[in-house]
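Accompanying notes for the structure given below.
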Amino acid sequence: MLTYLFKRIIAMIPTLLGITFITFLIINLAPGDPVATQFGQGGSERGAGAGEGGGGGDRERQADAIKAKKKLLGMVREDHTVSTWGLGEAVQEEIQSWPRLARLGELPGWPQALLVLESGALVVGTHEGSVLRLDAGGVPVWTARPAEGGTSGITTMVRDGERVLVGDGEGRLTAFSLEDGAMSAQSTALGRGLRDLQLLPDGTVASAGEDGLVRLHDASSLNSRQGLEGHVSGVYALALLPDGTLLSAGYDRKLRAWDTGSGALRYETEPLPQAVNEIALSPDGSQLALAGDDRAVHLVEVAPLPELRSRSLEGHFKAVSTVAWSADSSRLVSGSRDETARLWEVASGKELARTPDVAGAVRQVLVVGETVYTGARSWAEVPVWKRYLSWLWRTITLDFDRSFVDDRPVMEKITAALPITIFLNVIALAIIYLISIPLGVLAAVRRGGVFDQVSSVILFLLYSIPNFWLATLLIMGLSSERTFDLLPSVGLYSRGHQDLSYLSWLWDRSLHLVLPVTVMVYGGFASLSRYARTTMLETIQEDYVRTARAKGLPEYLVVFKHAFRNSLITIVTLVANLLPAMIGGSVIVEYIFSIEGMGRLGFDAILARDYPVIMAITTFSAVLTLLGILVSDLLYSVVDPRVRAE
Amino acid sequence: MKPSESYGARIWRKLKGHHSGMAGLVIVVLLALSSFSAPLVANDKPIVASYRGSLYFPALATYVDSWVPWQSLRYELKSLELTEGWFPLSGHYAVLEGRSWKEARAAGELSLDLWPLIEWSPTQFDRDSLKKKPGEDPEHLLGTDDQGRDVLSRLLHGTVVAMLVGVIAMSISSAIGITLGLAAGFFGKGIDLVLSRITEIVMCFPVFFLIIAVIAFLEPSIVNIMMVLGFVGWTRIFRLVRGEVLKVRSLDYVAAAQALGLPAWRVMVRHVLPNAISPVFVAIAFGVANAVLAETSLSFLGFGDTSVPSWGETVMQGRSYVSQGLWHLTIFPGLAIFVTLTGFNLLGQGLRDAMDPKLRD
């Protein structure tokens, strides 16, 4: 018996693989972006960075959400590395291909803030709030966090001698030792995020806050000493001019200059077309590059400042979020939400190179010597075979992730719905068996008689009634105010059923079951009773039945003790073959009677394109069916040991 | 029993003696007749009309509209007719200056016109006559639905949809099932193993759920529905054919055919298949019933093609208006489905009994 069981289970493995393969195929071949339809293509045109935490606009978060859902499907994975590109590698003829030099680090989150030390070592702040120091080869030296358990990302970093100052999405300013990552000072949290930091000549730290203030922080305690008021909305960028003037800009589009000693506003410019995300001063001190939400990098001469006469580098098709100069001030690198970083020749305004496959909004670019570093919210495509393997593993471990619709775990939804469907089907199957087996046996005993013919015709007519029609007719006739309002037709219990006493609860429950169960059973009578009749006819012709008759046993004993008991077993094993129809068939019944079972769950999931639920239900029911077949085979082999020998 | 009686003749003789099987056959024939005559019985265009001196047969154009489910082919045929004037399609589309035939008749411009019994097409909206019950509007014998479409006309043209779905879906299923079953049974070994496994896998899926999912992802056109029904419904035929071929293959005459040096395909197609195919007819009869049920269920759930008059769609409307008492929307199309299913099921049952060797007389 055990070897047979083992053999059967081994034989099931290819089938299981096939089932997972087909569900996988359905989802991957589903036309269009499986997720985009959920979110539409809308979103604010501005996409400005008035967001929470680590900044980033609605559009960027939306794009991330779509990719997160693709990640659920195993199509993409988050790529937590810093990429490097060579300034000299830029190929002039082919703009598209800027070869990537390396991917550094396997970080705990997306790199959002970067700092490069002389040795080529790197300090990275991530979107989930870690600060890491990596050596030149990308191996982590130390990891620190401004707030344990905090969820806000690191937004900006600046180096101050032997320590690194880190600003995060909750407005905290923290100092870590570059040597070992030990925290040396921390300011109180502001609540709104910091977007940029600038070290002033006197050791004071200036910060740009999303609440619209430029703050000056005390060098040792890091607490805010003075707030510079002038901006009407979030400040995103700071820069220090060679003459000691502090520049700031942000969502209100105006560039403002401050006297850091007195804190007075020196001047403000005319507004730029849209929000400014970063200001970068060229190393020769002659020009400013402004990263604009208007998809352009604006170049501003420093000297005649009050009037803003700018030239712009255009090419990005989404907001430019970051910009950096090469050491000789001749070239410029910009990073954008359009998921590319681009290299520009400043004098001619020509685009020299473009990163091909960052595949995520660029958050920071840095140029150190001949190397360009990019930190981006990248996503990497997962190769198909890996996708399949991970889908297979998830099927085996029953990990179907979360629903797209309400973010509840899929297994939670299924474990809530499955018992209802099974409950209904068990009742229905019991009724089908209780009614159709006696009918079949009787028809076999009286073969060719009136009962045989009449019952077969009636059952056949019942079998031909479409179940949705009968359900509608029953509702029309028995559950409508216009006719008889005898039976409930919605759900499995009345409102307020919890307060009923046990008996009236049971009565309420039973009333609700009448219509759905009726619709589920009538179609099964025909096939099962016919099967019972055939099996019974075959058994009656067996020799042992003839022997029983020849012994002179009364006819009822011959029929029930000898024939019926032997044919019953084969009929019972038929249960397994009815399983595939269970979930498919329950779609209509549960839809019509508003029952929250598997069929209804699947129906709603299909309407909402809730892929994880669809995949889970398909896999679940296929595997259940397979198990049913296995059980049926095992039962059969218990009854008829000859099967095992095959 | 006459010794020279052929297999087909014996089946036919036994089927003739099988009352319910014959009843099924009669129903199926009537349905076929109804579907062929629907454009001439219920149409908003005249069968024959004389307009400005030339003779038109406008109702014939409906044959192209309702009997050709492939939209591109339909457009192709229409354009051939309009631009090339191809016979026998030509002359169905008269230029009525933007008016309908009924308006032309009302204006008294038709010198000769012969109209169908029911002067409504299944997709024509009668805005003045919404949700009429039978008897409330003498123009609509069985009433109208919520958009003013004539229920009787939809019932008649629904036979076209049912026939198309049943026949095309089952053709696809049979083609796949017979080909694969023949290959698996005849060649055996590896091919049989692989094909049987694939069948086992397909059979494990909840078919109806799969159909809804695929239809929801694709565009719910009647062609897609037929294709999907065809592509998931072949497993039963595969198993039947495979089993029969396994039996037939070991017979002496097959060995003889092979010994003659006939190529494998010839042995398969000319010698094995004809003797293994008869159970397929039973499966096809039941399969057509299943396909019709599946299509009407899809329409009932709202996944159907709303451009064709499916019975399921009307039942769905009936369900939405239960509280308004529009019983005719549920009763009549439901009866039509019931009769169709009964017809094909009875026919299948009759064929099965007629072919059952144990019931040989």
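The values are calculated or read from the model by the stated rules, or taken from the named source; none is laboratory data. Since the model is a prediction, treat every value here as computed from it, not as a measurement. Methodologically, a virtual Cβ is constructed for each residue, glycine included, from the backbone with ideal geometry; neighbour enumeration extends over all protein chains shown. Please note that ligands, DNA and RNA were not included when accessible areas were found on the heavy atoms of the full protein model with its side chains. Shrake-Rupley method; radii C 1.70, N 1.55, O 1.52, S 1.80 Å.
Just a few scattered comments:
Residue by residue, here is whether (1) over 45 Å from the mean Cα position of the chain (by Cα); (2) over 26 Å from A:T570 (Cα atoms) holds:
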{"residue": "A:L500", "(1), (2)": "no, yes"}
{"residue": "A:H512", "(1), (2)": "no, yes"}
{"residue": "A:V517", "(1), (2)": "no, no"}
{"residue": "A:R533", "(1), (2)": "yes, no"}
{"residue": "A:T539", "(1), (2)": "yes, no"}
{"residue": "A:Y544", "(1), (2)": "yes, no"}
{"residue": "A:L553", "(1), (2)": "yes, no"}
{"residue": "A:L557", "(1), (2)": "yes, no"}
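- Consider the range B:192-218 and keep the residues that are surrounded by fewer than 17 Cβ atoms within 10 Å (Cβ to Cβ) and within 8 Å of chain A (Cβ to nearest Cβ). The one that is farthest from A:T625 (Cα to Cα) is B:L218.
- Residues of the range B:344-361 that turn out to be surrounded by 19 or more Cβ atoms within 10 Å (Cβ to Cβ) and more than 8 Å from chain A (Cβ to nearest Cβ), as a count: 6
- The range A:134-156 residues that are over 12 Å from A:V123 (Cβ atoms) and at pLDDT below 85, paired with ones that are among the aliphatic types (A, V, I, L, M) and assigned to a loop (DSSP other than H, G, I, E, B) (beta carbon under 6 Å, 6 or more apart): A:A136/A:A121
- Inside the range A:591-609, residues that are assigned to a loop (DSSP other than H, G, I, E, B) and either open to solvent by 10 Å² or more (accessible area, probe 1.4 Å) or not aromatic (F, W, Y) (or both) make up a count of 6.
- Of the residues B:A283, B:A289, the single one that is within 14 Å of chain A (Cβ to nearest Cβ) and modelled with pLDDT of 90 or more is B:A289.
- Being open to solvent by less than 10 Å² (accessible area, probe 1.4 Å), more than 10 Å from chain A (Cβ to nearest Cβ) and part of a helix (DSSP H, G or I) is a condition met by at least one residue of the range B:328-343.
- Given (1) open to solvent by 40 Å² or more (accessible area, probe 1.4 Å); (2) of a type outside the set (F, W, Y); (3) within 14 Å of chain A (Cβ to nearest Cβ), number of the condition B:M227 does not satisfy: (3)
- The range A:458-499, residues that are in contact with a helix residue (DSSP H, G or I) (Cβ under 9 Å, 6 or more places away or on another chain), closer than 30 Å to B:E295 by Cα, without any contact (Cβ under 8 Å) to a residue 40 or more places away in the chain and open to solvent by less than 50 Å² (accessible area, probe 1.4 Å): A:S464, A:P466, A:W469, A:L473, A:M476, A:S479, A:S480, A:L487, A:P488
- Comparison of A:L418, A:L442 shows that the only residue that is out of contact with any Gly (no Cβ under 8 Å at 6 or more places or on another chain), over 30 Å from A:S119 (Cα atoms), open to solvent by 20 Å² or more (accessible area, probe 1.4 Å) and touching a residue at least 12 places away in the same chain (Cβ under 8 Å) is A:L442.
- Residue in the range A:337-347 that is on the phi > 0 side of the Ramachandran plot, among the small types (G, A, S) and not in a strand (DSSP E or B) present: no
- Sole residue being open to solvent by less than 20 Å² (accessible area, probe 1.4 Å) and farther than 15 Å from B:A49 by Cβ, chosen from B:G143, B:G135: B:G143
- Condition check for B:A289: crowded, with 22+ Cβ neighbours inside 10 Å, touching an Asp or Glu at 6+ places or on another chain (Cβ under 7 Å), farther than 15 Å from B:I176 by Cβ and in the same structural domain as B:L346 (by TED's automatic domain parsing): no
- A residue that is over 22 Å from B:T330 (Cα atoms) and either in contact (Cβ under 8 Å) with a residue 60 or more places away in the chain or in the same structural domain as A:V545 (by TED's automatic domain parsing) (or both) can be found somewhere in the range A:500-522.
- Residues (open to solvent by less than 90 Å² (accessible area, probe 1.4 Å) and acidic (D, E)) located in the range A:539-554: A:E542
- Some residue of the range B:184-191 being open to solvent by 30 Å² or more (accessible area, probe 1.4 Å), under 26 Å from B:K247 (Cβ atoms), of a type in the set (A, V, I, L, M) and within 14 Å of chain A (Cβ to nearest Cβ): no
- Test result for B:A294, within 14 Å of chain A (Cβ to nearest Cβ), open to solvent by less than 10 Å² (accessible area, probe 1.4 Å) and small (G, A, S): no
- Any chance B:V315 is of a type in the set (V, I, T) and more than 8 Å from every other protein chain (Cβ to nearest Cβ): no
- Number of positions in the range A:348-372 that are more than 24 Å from A:L197 (Cα to Cα), part of a strand (DSSP E or B) and not charged (D, E, K, R): 2
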